[in-house]
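Q: Okay, here's the structure, questions in a sec.
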Amino acid sequence: MPRTVALLIAGTLLASPAAAHEVGAWAGASTAPAERSEVAVAAVDGKAYVVGDYNGETELLIYDLAGDSWSRGAPFPYPVHHTMAVGQGGLIYVFGGYVNGWEATDKAWAYDPKTNAWTPRAPLPTARAAGGATLLDGRIHVVGGSISGRKNNPAHEVYDPATDRWTKAAPLPTPRDHLAVQALGGKIVAVGGRVDGSSAQNLTANQVYDPAKDAWSEAAPLPTARSGTASAVLGQDVYVIGGESNQKTYDEVEAFDLPKNFWRSLARLPTARHGFGAVTYDGRIYTIVGSPKPGGFKSGTVEVFDPKGGPATR
C-alpha cells in the first residue's frame, strides 16, 4: 500500500474514533400497555410517567423502573401532545403543549401519585409546546419551544414549585423547538432541535445557561443535526438519543461531556425513533415509547442503555 494512502486511512480512523468502537449495550424491557408518541416522560420515586399522546390518548402510563412493570394512572385532564414534564418533590409537573390540534396552551398541572389526582398550577407566562423542561436547584426551567402556529419562541421561564410562581430568565439565543434540555453541573444544556416545527430544518445548536450570570454561551455543536430526541443525564454527560428529520428516524446516541466540552458516540439505539422520552435510573438510561417512523406513528417500545456494557456490534 502506498505510504500516502496508508497515512490517509490512519488519519481518517483517528478523526472518528467513536465510529470504530461504540461502547455501551442496549437491552429490551417490558413494552408499554399502550402505544404513544410525542409524549413527555418524567420520573419520581423510582417510577416514570408518560404524559400526552399525538393521537389523543389521555390515560397516564406509569412504568416501575425497578420492577420493569406497567400500571395506569388518572387520565390527563384533556388531550395534549408535545407537552413538557419534570418530576420534583414527589410530584410530576406538566407544562404547556399543543391542544385542539396545534394550539399552544399555557396550562400547568401537577400529578400526585399518592392521591392519583391532577391539580392545576400557575400557568406558563408564555403559552408554548415542544420546548424543554429541567430541574435546577429546586426550580423548573422551561426553555424554548413554539407558540400557536409552530413559530419558535425563545422564552426561558422558571417555575418555583414551593411558591407556585414564575420568573423570567435570559431567553434562548437560538429559538427552536423539539430540543433536548437538561441540567448538569449547576448549568443547563440546550441541544439540537428544529426551526418553526420543520424537521427539514434540524439544528446542531448547543448552548449552555449559567444561572449565576443569567447568560447563555455557545458549546460544541451536536455532531448529528436532529430533533424530537430523547435525552437524559448520566454521570457528567448529557445523552441525546434518537430523533427525526423529514426523511428518517435516527438511532444515533451522542453524549456531551459538559466539563470537557466534548461529544462522543455510543452504541446505537436498537429501535430508531422520535417523540419519546428518557429517564435515568440505577446507572442506566430507559428510553420509553415513541414513533419508529417520521411523523405521527407510535410504539410501546422500551429499551435500556447500560454504559458499562461491552463494545456493540452494528
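The values are calculated or read from the model by the stated rules, or taken from the named source; none is laboratory data. Quantities reported herein were computed from a predicted structural model and do not represent experimental measurements. Every residue, glycine among them, receives a Cβ derived from its backbone with ideal geometry; neighbour counts consider all protein chains shown. Ligands, DNA and RNA are stripped out before the accessible areas are found, and what is left, the full protein with its side chains, is counted by its heavy atoms. Shrake-Rupley method; radii C 1.70, N 1.55, O 1.52, S 1.80 Å.
Q: Would you say Val189 is at pLDDT 95 or above, assigned to a strand (DSSP E or B), surrounded by 15 or more Cβ atoms within 10 Å (Cβ to Cβ) and touching a His at 6+ places or on another chain (Cβ under 6 Å)?
A: So Val189 does not fit the description; no.
Q: In the list Thr134, Thr115, Thr126, Thr163, which residue meets the criterion of being at pLDDT 95 or above, surrounded by 19 or more Cβ atoms within 10 Å (Cβ to Cβ), among the hydroxyl-bearing types (Ser, Thr, Tyr) and not in a strand (DSSP E or B)?
A: Result of the check over Thr134, Thr115, Thr126, Thr163: Thr126.
Q: What are the pairs, 6+ residues apart or on separate chains, where a residue within the stretch 23-44 that is on the phi > 0 side of the Ramachandran plot has its Cβ under 7 Å from a residue that is open to solvent by less than 30 Å² (accessible area, probe 1.4 Å) and among the hydrophobic types (A, V, I, L, M, F, W, C)?
A: Close Cβ pairs satisfying both conditions: Gly24/Leu266; Gly24/Ala267; Gly24/Phe305.
Q: For the stretch 247-314, list the strands (runs of 3 or more DSSP E) that sit wholly inside it and hold at least 3 residues that are in contact with an Asp or Glu (Cβ under 9 Å, 6 or more places away or on another chain), buried (at least 17 other Cβ atoms within 10 Å of the Cβ) and without any contact (Cβ under 8 Å) to a residue 60 or more places away in the chain; which are they?
A: Details: elements: 253-257, 262-265, 277-281, 284-288, 302-306.
Counting at least 3 such residues, we get 284-288.
Q: Just to be sure, is Gly144 open to solvent by less than 40 Å² (accessible area, probe 1.4 Å) and in contact with a Pro (Cβ under 8 Å, 6 or more places away or on another chain)? If you could, list the steps in order and put the result at the bottom.
A: Details: open to solvent by less than 40 Å² (accessible area, probe 1.4 Å): yes; in contact with a Pro (Cβ under 8 Å, 6 or more places away or on another chain): yes.
So Gly144 passes the test.
Q: Could you go through the stretch 76-99 and let me know if any residue there is assigned to a strand (DSSP E or B), β-branched (Val, Ile, Thr), touching a Ser or Thr at 6+ places or on another chain (Cβ under 6 Å) and open to solvent by 10 Å² or more (accessible area, probe 1.4 Å).
A: Start the filter on the stretch 76-99 by keeping residues that are assigned to a strand (DSSP E or B), which leaves 81, 84-88, 91-95, 98-99.
Then drop every residue that is not β-branched (Val, Ile, Thr), which leaves 86, 92, 94, 99.
This time we only want the ones that are touching a Ser or Thr at 6+ places or on another chain (Cβ under 6 Å), so: 94, 99.
Those still in the list that are open to solvent by 10 Å² or more (accessible area, probe 1.4 Å) too: 99.
Yes, some residue in the stretch 76-99 is assigned to a strand (DSSP E or B), β-branched (Val, Ile, Thr), touching a Ser or Thr at 6+ places or on another chain (Cβ under 6 Å) and open to solvent by 10 Å² or more (accessible area, probe 1.4 Å).
Q: Another question, if that's okay. Being crowded, with 24+ Cβ neighbours inside 10 Å and either acidic (Asp, Glu) or part of a loop (DSSP other than H, G, I, E, B) (or both), is that true of even one residue in the stretch 232-241?
A: No, the stretch 232-241 contains no residue that is crowded, with 24+ Cβ neighbours inside 10 Å and either acidic (Asp, Glu) or part of a loop (DSSP other than H, G, I, E, B) (or both).
Q: Looking at Pro120 and the list (1) open to solvent by less than 10 Å² (accessible area, probe 1.4 Å); (2) more than 25 Å from Trp216 (Cα to Cα), which single condition is not satisfied?
A: Pro120 satisfies all of (1) open to solvent by less than 10 Å² (accessible area, probe 1.4 Å); (2) more than 25 Å from Trp216 (Cα to Cα) except (1).
Q: Sticking with this one: Considering each of Ala170, Ala183, Ala108 in turn, give the residue that is out of contact with any helix residue (DSSP H, G or I) (no Cβ under 9 Å at 6 or more places or on another chain), touching a residue at least 40 places away in the same chain (Cβ under 8 Å) and surrounded by fewer than 19 Cβ atoms within 10 Å (Cβ to Cβ). Steps first, please.
A: Details: Ala183 fails: surrounded by fewer than 19 Cβ atoms within 10 Å (Cβ to Cβ); Ala108 fails: surrounded by fewer than 19 Cβ atoms within 10 Å (Cβ to Cβ).
It is Ala170.
Q: Kindly check whether there is at least one residue in the stretch 213-225 that is buried (at least 20 other Cβ atoms within 10 Å of the Cβ), farther than 16 Å from Thr134 by Cα and without any contact (Cβ under 8 Å) to a residue 40 or more places away in the chain.
A: So far as the stretch 213-225 goes, no, none of its residues is buried (at least 20 other Cβ atoms within 10 Å of the Cβ), farther than 16 Å from Thr134 by Cα and without any contact (Cβ under 8 Å) to a residue 40 or more places away in the chain.
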